[in-house]
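Chemist: Pasting a structure here, questions to come.
The values are calculated or read from the model by the stated rules, or taken from the named source; none is laboratory data. Model, not experiment: these values are computed from the prediction. Cβ sites come from the backbone with ideal geometry, for glycine too, and all protein chains shown count toward neighbours.
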Amino acid sequence: MNQKINIGLFGYGVVGESLHHVLKHSKTVDAGVRKICVKQKDKKRSLEQNEFTFNKDDIINDQNINLVVELIDDADEAYDIVKRCLQNKKSVVSGNKKMLAHHLDELIDLQEKTDTALLYDASACGSIPIIRNIEEYYDNDLLKSVTGILNGSSNYILSKIFNEGLDYDTALKQAQELGFAESNPGLDVDGFDSLYKLIIIATHALGTFVKPNEVLNYGISNIKEYDIQFAREKNFKIKLVAQLIKLNDESFTMFVIPRLVRPDKYIYNVEDEYNGVVIQGEFYDKQFMFGKGAGGYPTGSAVLSDITARSHNYKYEYKKQKYFKKLEYRTDHEIEIYLRYNSMVDFSYFEFETILEKYSGIGNSYIIGKIKLANLLKLKAVLTKLDVFLAYIRN
């Protein structure tokens, strides 16, 4: 794009309003918001009512708008908007990780057919430019793993628990009051937000798109004081971690699960609403990226980075998909976990391959052992309903 960027903006919540502010004060790109489309007509906003439209076609069909920025929280509506914009030859910047995680394979094909671009660095790790880094600097086939704290809300809660001694409910309430967690926090604390981000990252890191229902995500909503005390006694912290692991030259696996983290790991010191990502390669060993994963301005700045990239005609090349052998996603390998339970009925759901340590007590018991990821994935729908807590152990 050599001409001025005229933006059609969908959504004017925390991130949309922050982006609008950042754009006004940015000197890096010749861009401005031409129209803003919102859903609620009666909501009080910082701009005058005549600056908004309530009809998405006013943006999609406006020939003077040459870039659409989609920042709404409705994944189905976001999918319709993004798809129609690409079909209308308009490039898009999106922050909707749920929508992308469910439709990225289709949207990649649509970009090719329409010669458009869909950028979404802001969807994966807030202010950390993980997608573009993987695309440009880790574009060879030697990547071995990606390990990340990808959700600022759950990390804030766990930080308050371990560093300040707050209980889970108090820490969650505090995160909600600060705007880090929603009134319905399940997307964050049950690992769905991290799952969606991991799927997007995996598509770029290894070139294979995997559907969300095929990947294990288990969060921190069942954590109890017993689990916290266990971690402290073993000199661990508990972090909600997304993990992508290349198993061999033919296959890989990935999952989102709380992890017992040792002090010598990079992510041990990632606290509060921050995200941290460790990329490991065959020869370059480990690279660590750190930044804010929640909040209007950090995310708004990441969206601005995508807008600036489009001003230079940047688009993702999806190099791993185009130039390398597609890897198979597998779940038939074993992982080592800590499982806390207090009922043998709940315990009976888990088919351990090997038990390494076992403790039975009044009220709570635990097992440390190896279990196939496929067994846990089979329990995905019921895990949060059982009175158990599990965490991944990797020494």
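This table checks each residue for (1) surrounded by fewer than 23 Cβ atoms within 10 Å (Cβ to Cβ); (2) not β-branched (Val, Ile, Thr).
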site	(1), (2)
Ser194	no, yes
Tyr218	no, yes
Ile228	yes, no
Phe236	yes, yes
Lys239	no, yes
Glu250	yes, yes
Leu260	no, yes
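Chemist: Within segment 268-277, how many residues are buried (at least 21 other Cβ atoms within 10 Å of the Cβ) and not polar (S, T, N, Q)?
Modeler: Number satisfying all stated conditions: 5.
Chemist: Ok, one more. Restricting to segment 95-117, count the residues that are aliphatic (A, V, I, L, M) and either over 26 Å from Glu17 (Cβ atoms) or surrounded by fewer than 23 Cβ atoms within 10 Å (Cβ to Cβ) (or both).
Modeler: Total satisfying the criteria: 5.
Chemist: Here is a follow-up. Kindly indicate the residue of segment 332-383 that is within 26 Å of Phe252 (Cα to Cα) and of a type in the set (S, T, N, Q) and also surrounded by the most Cβ atoms within 10 Å (Cβ to Cβ) among those meeting that condition.
Modeler: Asn375
Chemist: Considering Asn55, Asn6, which residue is more than 28 Å from the chain's Cα centre (by Cα) and under 19 Å from Ser311 (Cα atoms)?
Modeler: On inspection, the qualifying residue turns out to be Asn6.
Chemist: Can you tell me which condition Pro185 does not meet? The list is (1) out of contact with any Phe, Trp or Tyr (no Cβ under 7 Å at 6 or more places or on another chain); (2) modelled with pLDDT of 95 or more; (3) not hydroxyl-bearing (Ser, Thr, Tyr), and all the others hold.
Modeler: Failed condition: (2).
Chemist: From the list Ile131, Ile161, Ile157, Ile149, pick out the single residue that is in contact with a His (Cβ under 9 Å, 6 or more places away or on another chain) and under 21 Å from Ile267 (Cα atoms).
Modeler: Just one listed residue meets the conditions, Ile131.
Chemist: If you don't mind, another one. How do the pairs read when you match residues in segment 255-284 that are assigned by TED's automatic domain parsing to the domain that holds Phe180 with residues anywhere that are assigned to a loop (DSSP other than H, G, I, E, B) and β-branched (Val, Ile, Thr), using Cβ under 8 Å and keeping only pairs 6 or more apart or on different chains?
Modeler: Taking only residues 6 or more apart or on different chains, the pairs are Phe255/Val215; Val256/Val215; Pro258/Ile220; Pro258/Ile223; Asn275/Ile128; Gly276/Val270; Val277/Ile128.
Chemist: Check whether at least one residue in segment 29-48 is under 28 Å from the mean Cα position of the chain (by Cα), within 21 Å of Ala117 (Cα to Cα), touching a residue at least 40 places away in the same chain (Cβ under 8 Å) and assigned by TED's automatic domain parsing to the domain that holds Asn96, and report yes or no.
Modeler: The answer is yes; a qualifying residue exists.
Chemist: May I ask you to say which residue of Ser46, Ser94 is touching a strand residue (DSSP E or B) at 6+ places or on another chain (Cβ under 8 Å) and at negative phi?
Modeler: The conditions single out Ser94.
Chemist: From the list Thr299, Thr308, which one is in contact with a Gly (Cβ under 7 Å, 6 or more places away or on another chain) and farther than 30 Å from Leu390 by Cα?
Modeler: Thr299
Chemist: Run down Ile65, Ile59 and say which single residue is surrounded by 15 or more Cβ atoms within 10 Å (Cβ to Cβ), among the β-branched types (Val, Ile, Thr), part of a helix (DSSP H, G or I) and assigned by TED's automatic domain parsing to the domain that holds Asn96.
Modeler: Ile59
Chemist: Check Leu100, Leu23, Leu86 and return the single one that is outside the structural domain of Gly179 (by TED's automatic domain parsing) and modelled with pLDDT under 95.
Modeler: Testing whether each residue is outside the structural domain of Gly179 (by TED's automatic domain parsing) and modelled with pLDDT under 95 leaves just Leu23.
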